[in-house]
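Every number in this text was worked out from the coordinates using simple rules, so none of it is lab data. What you are looking at is a predicted structure, and each value in this text was computed from that prediction instead of being measured. Cβ placement follows ideal geometry from the backbone for every residue including glycine, while neighbour counts extend to all protein chains displayed.
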């Protein structure tokens, strides 16, 4: 059986007013990269509390980078000069609070972010609004976590000194 789930997703494209290097540096200073071998070692202990503590220690602003993809070596071969980078950003403890209700959420967790040059001196930051991804699972507890992720994303953008889209602001 195949099921098609149509849903609307807001892609947030934020003009940063800054250079690619500046935005990338601010993002990576606030969202640290997880040492994957270290994470695996913690998981292999089988101690959930230790994993939760490890995650809390490595996500000072709710999120960590799990993977980075720099497409520029490939794009450069075709002559493209404007830079771009994408990240898988998330928090395994937060993801688990949704996964317990529907393991299909793993399609959108971790979140995918991108920083790219609109012009050589002007970068944009882009991400799909988490709540618009997770409401597609038609499970109120997952939707609630999606809304919490919106708030956490808004705080990250504030820390990066970037404008917060109105869609992320809860009343």
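A few remarks follow.
- Exposure proxy for 83, 50: other Cβ atoms within 10 Å of each Cβ, ordered fewest to most, give 50, 83.
- Helix 140-159 axis versus longest C-alpha principal axis of the chain: approximately 40°, rounded to the nearest ten.
- Rounded D (µm²/s) - the chain, Kirkwood Rh over Cα pairs, Stokes-Einstein at 37 °C, 0.692 mPa s: 191 µm²/s
- Degrees, to the nearest 10: 20-30 long Cα axis against longest axis of the chain: 30 degrees
- Estimated purely from DSSP H runs of n ≥ 4, each contributing -39500 (n - 2.57), the mean residue ellipticity at 222 nm for the chain is -12000 deg cm²/dmol once divided by its residues.
- Centroid-to-centroid separation of the range 77-113 and the range 8-44 [C-alpha atoms, Å]: 10 Å
- Helix axis angle, 48-58 relative to the chain longest principal axis, alpha carbon, degrees: 20 degrees
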